[in-house]
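Visitor: Below you will find the structure I want to go over with you.
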Amino acid sequence: MHILLVICVASLYNQVRCQDLQERDLSGGNLTSIPLCNSENVTKLILSQNNISLTVEDHQSLLSYPNLMELNLSQNKITELKGGYFSAISKLEVLILRNNHITSIEETSFIGLKNLKILDLGFNLITHLPANIEIPSLHLQAFNLQNNSLTTLDIKEALRDLGTSLNITLSGNPWNCNCSLLSLSFWLNNSTVILENENITLCAMPKNMTDHKIKEINNAPSDLLSCRGSSDILSTPTSLFSENATLANTSINGTDATATKGNSWRFLIGVIIVGLVTSLLILTAVKFPRWYDFILSYHHQRLKEEEPYMFEEEFTVDFNMGSNEKNQDDIVVFEQTHSFVPEEDGFIEDKYIEEHDITES
């Protein structure tokens, strides 16, 4: 009974005290959630060294701090940042999430924080940061990513609207200094970004690039820089290669090699030639249609007419029909005065019929 009374009194005391404070420090209290306040006076909330994991209830609790400008959630049990989680505290300028167990960050995790000046994500387990992550960068002055598990990083598009110079901390990450990191190095050297701890922001792999500064890898000799794929090269700005001609010959599997041309150009030329020849044939057929008529058609030649000729033919005529006189054969001669030219009926006269076939009785 006494314990419940003490808890109620303490809760009431904290609630009354919350209404009057501008800075509320609840660090090291073994809290598992963000406490409510319903005060417009609180501008700084310190919740470090607790067991907060940022649940849905915590998101609702943040609504009770409408004028909050600084939120410290370091050393808690946070593992992921949901999209739009901090949109309820749009006046926030400082967000500290260091020393947690964050592995996943969504693209819209920081949306709505248009006044953000300091973002601290150091000492977490972040392996990847979305290239199109929405970080309100107009007022951003400091961005801490030190001591995570990042091997590559491409956030130049997310931070393209910087209103002031930005201090960024990238040390303590296992940077893989191949061609994919050239884009980051170029951005660090050609923007208003200031790299903190530059001398200890080093490559962790490959072995031949160990201890090289990531800001200077675009000036590294070609025999040290390892480009393992064409996709890495394409992600590097074109101007970087024009300024560093030594990267033309890269080292592949430890051996210097020069890019060789593929056979695609030969295929392209072949397609063009076939297309031109086909077009020429079609054009010729359209413009000169008589040439294929000569080839495809077959002309029948008319048979040559012969001169009229005379012929004699012997026929056996029986004049003794109905009489008792002795049969005798008379020869009758017919003279052809005009040539017989048959009409064209599709038949051809056969000249190989023997005469004796006609005279046979």
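The values are calculated or read from the model by the stated rules, or taken from the named source; none is laboratory data. The structure displayed is predicted, hence computed values, not measured ones. Cβ sites come from the backbone with ideal geometry, for glycine too, and all protein chains shown count toward neighbours. We work out accessible area using only protein heavy atoms, side chains counted, and drop any ligands, DNA or RNA first. Shrake-Rupley method; radii C 1.70, N 1.55, O 1.52, S 1.80 Å.
Visitor: What nm distance separates the two modelled labels at Thr284 and Leu268, each placed 7 Å from Cα along Cα→Cβ?
Guide: For the pair Thr284/Leu268, the computed spacing is 2.9 nm.
Visitor: Provide the per residue accessible area, probe 1.4 Å, for segment 69-108, rounded to a whole number of square angstrom.
Guide: 39
Visitor: Find the centroid of the Cα atoms in segment 34-76 and in segment 147-224, then give the distance between the two in whole Å.
Guide: So the two Cα centres are separated by 33 Å.
Visitor: When the Cα atoms of segment 51-91 are enclosed in a convex hull and the volume is divided per residue, what value in Å³ results?
Guide: Here the figure is 67 Å³ per residue.
Visitor: Taking square-rooted eigenvalues a ≥ b ≥ c of the alpha carbon gyration tensor, is segment 36-165 rounded, prolate or oblate, where a/c under 1.5 means rounded and, failing that, a/b exceeding b/c means prolate?
Guide: Here segment 36-165 falls in the oblate category.
Visitor: Could you rank the peptides 57-68, 276-287 by their average count of other C-beta atoms within 10 Å per residue, with the highest value first?
Guide: Descending mean neighbour count gives 57-68, 276-287.
Visitor: Take the Cα coordinates of segment 86-155, assign each an equal point scatterer, and use the Debye formula without solvent to give log10 I(q)/I(0) at q = 0.13, 0.19, 0.26 Å⁻¹.
Guide: -0.34, -0.74, -1.35
Visitor: Can you work out ³J(HN,Hα) from phi for every residue in segment 202-215, in order, using Karplus 6.51 cos²θ - 1.76 cosθ + 1.60 and θ = phi - 60°, giving whole Hz and x for Gly and Pro?
Guide: Listing the rounded values in order: 10, 6, 9, 7, x, 4, 6, 10, 4, 6, 7, 6, 5, 6 Hz.
Visitor: Continuing with the same structure: Skipping prolines and chain starts, which residues have an amide H placed within reach, meaning under 5 Å, of the one on Ile52, given they are 5 or more residues away or on another chain?
Guide: Long-range HN contacts for Ile52: Lys77.
Visitor: Kindly write out, for segment 175-192 in residue order, the coupling ³J(HN,Hα) from the Karplus curve 6.51 cos²θ - 1.76 cosθ + 1.60 (θ = phi - 60°), rounded to whole Hz, with x marking Gly and Pro.
Guide: 5, 9, 8, 10, 4, 5, 8, 4, 4, 5, 4, 5, 5, 5, 8, 10, 9, 7
Visitor: Between Leu129 and residues 5 or more places away or on another chain, which pairs have amide H atoms under 5 Å apart, with H built 1.01 Å from N, and which residues are they?
Guide: none
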